[in-house]
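Report on the structure given below.
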Amino acid sequence: MELLFKTNTFEGPLDLLLHLIDKNKADIMDIPIAVITDQYMEYLEQMEEERLENMSEFLVMAATLLDIKSRMLLPPEKNEEGEEIDPRDELVQQLLEYKMYKYMSYDLKDREEDAGKSLYREEHLPREVRNYRPKVDPEKLLGDLTLARLNEIFIEVMKRQADRMDPIRSSFGRIEKEPVDTRQVMHHVTERIMKKRKCTFRSLLTAQKGKMYVVVTFLTVLELMKLGRIGVEQEGIFGEILITARDRSEWDTQADGQDMEGGLESFD
């Protein structure tokens, strides 16, 4: 009598093997490999040609069954401890794992169906119940807590906050640009030199406050030296720097046509 199978019944070769084992009422731990292999090969012959894309897994299992069948005809192999190796052990392990996951999927499917039949009522509580807060008893809340203990906790918390701070970056101030009109400072320095004819470099730097004023004053002096409008002298190292205004006849004739403001426009 021929065996008839439906191709769409089995999800894979392991599913087919479990069906054949159940059909033959065989023990999964002692598979009659010869019988199961013959029935498995008959099933492959009956598979439809249009389902060749699913044949690869079944053919791999067929080769595995034939390999196990041929190894069982040979003298049994032994491991290092001298025990016989059953060629079916690996296949049995795969079948047991597949069977476990298969029945777990059935259980999850049943739970999903049961959950679909469950209906939940939305929460609906009176406003008084939602807003109710039990009264707090300060004595039970504080317990044996004292002011001294609270002070210790406060000091410990503040110390942790202080430890988190970067001792260097936390002392940084905010860097802001000094509001200095470079053109105004430049004219002020020039007029001061030309009016006094002689002055010290220190007196120019201390005329107003601010680092920006010092920088602009220094650049103005350099520009006036470049144009030949002033002379600079220093009697000794670290001595006082004396600035003298030159007469127009002593100005550099090549630089006379230059605009002093243009020399500092990049700094403005």
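Taken over region 200-212, the criterion of being surrounded by 15 or more Cβ atoms within 10 Å (Cβ to Cβ) and in contact with a Leu (Cβ under 8 Å, 6 or more places away or on another chain) is satisfied by PHE201 alone. In region 105-136, of all residues being assigned to a helix (DSSP H, G or I) and aliphatic (A, V, I, L, M), the one that is farthest from ASP15 (Cα to Cα) corresponds to VAL129.
Selection of region 129-183 for residues being at pLDDT below 70, under 30 Å from ALA207 (Cα atoms) and acidic (Asp, Glu) yields GLU176, GLU178. Are any of the residues in region 110-131 among the charged types (D, E, K, R), surrounded by 11 or more Cβ atoms within 10 Å (Cβ to Cβ) and in the same structural domain as THR64 (by TED's automatic domain parsing)? No; the residues of region 110-131 include none that is among the charged types (D, E, K, R), surrounded by 11 or more Cβ atoms within 10 Å (Cβ to Cβ) and in the same structural domain as THR64 (by TED's automatic domain parsing).
The values are calculated or read from the model by the stated rules, or taken from the named source; none is laboratory data. A quick note: this is a predicted structure, and the numbers were derived from the prediction, not measured. Cβ sites come from the backbone with ideal geometry, for glycine too, and all protein chains shown count toward neighbours.
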